[in-house]
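A short write-up of the structure that comes next.
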Amino acid sequence: MLLAGCAGFNTNPRDPLEPLNRKVMEFNDGVDAVVLRPVATAYKEGVPPLVRTGVSNFFGNLSDVWSFVNSALQFKFQNAAENFMRVSVNTFFGLGGVLDLASEFNIERHREDFGQTLGRWGVPAGPFIMLPLLGPSTLRDALALPVDRRADPLQQVHPTLDRNSLYVLRAVDVRANLLRVGSLIDEAALDKYSFTRDAHLQRRRALITEGTDSDGALPREGEAAPQPPAPAAPAPTR
């Protein structure tokens, strides 16, 4: 009862829509429990690990294409070069991305999306939003989703039935890879919603700032400025 009462009071300025967001999360959890989790569990148990790894590599290689573009838009030229090399190596020598040879060559993957690009150029994150079926986001990232979707290489797949089948396969693959993480959150988090929100906001902020806030720059993503360390206590006199 105490936790339920606390949840009814909005004390987080980054989450003014908390009551609505909690309802959307309940809906997402219901869909996940009825559809996504059982399908992902059956996929993980029924498909050989080697095949599942190849599927994950294939979709990861497709995502590297858009990551390369966003790295370049953010003037992260080293990241852009490494993403470009990953796509080239895995596409031409890794059977279209089924084999992740780039990782074997220690070519690092840098995941970037248009929401990160907007954040890099100073667009504020805005309030936290829990999107139906898509999960945690922010206003900025939600507005960037149509651009990410339009740039998705799967958009070029025809006919529509094949494209939608690949979308479903990718969603199942992503959920299967998160089965263990989801179980740990369910067991460890006292308030799953608050844990998910705070973890998502911190992760997005870290992806955008890449640690640059530690030099005294103004904080981003609507977070409070870091507090200066407390002065050391005077040494006791004898």
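Observations, loosely collected:
- Under the condition of being of a type outside the set (Val, Ile, Thr) and surrounded by fewer than 12 Cβ atoms within 10 Å (Cβ to Cβ), the residues counted in region 178-207 number 8.
- Those residues of region 70-92 which are out of contact with any helix residue (DSSP H, G or I) (no Cβ under 7 Å at 6 or more places or on another chain) and aliphatic (A, V, I, L, M), in sequence order: Ala81
- Inclusion of Pro153 among residues that are touching a residue at least 12 places away in the same chain (Cβ under 8 Å) and farther than 14 Å from Arg204 by Cα is warranted.
- Exclusive hit being of a type outside the set (S, T, N, Q), without any contact (Cβ under 8 Å) to a residue 24 or more places away in the chain and touching a strand residue (DSSP E or B) at 6+ places or on another chain (Cβ under 7 Å), set Leu139, Leu131: Leu139
- Considering only residues in region 101-143 that are acidic (Asp, Glu) and not in a loop (DSSP other than H, G, I, E, B), the one that is surrounded by the fewest Cβ atoms within 10 Å (Cβ to Cβ) turns out to be Glu104.
- Region 148-185, subset assigned to a helix (DSSP H, G or I) and acidic (Asp, Glu), residue farthest from Leu62 (Cα to Cα): Asp162
Values quoted throughout were computed directly from the atomic coordinates according to the rules given, and no laboratory measurement underlies them. If you're wondering where the values come from, they're calculated on a predicted model, not measured in any experiment. Heads up, the Cβs are rebuilt from the backbone with ideal geometry, glycines too, and the neighbour counts pull from every protein chain shown.
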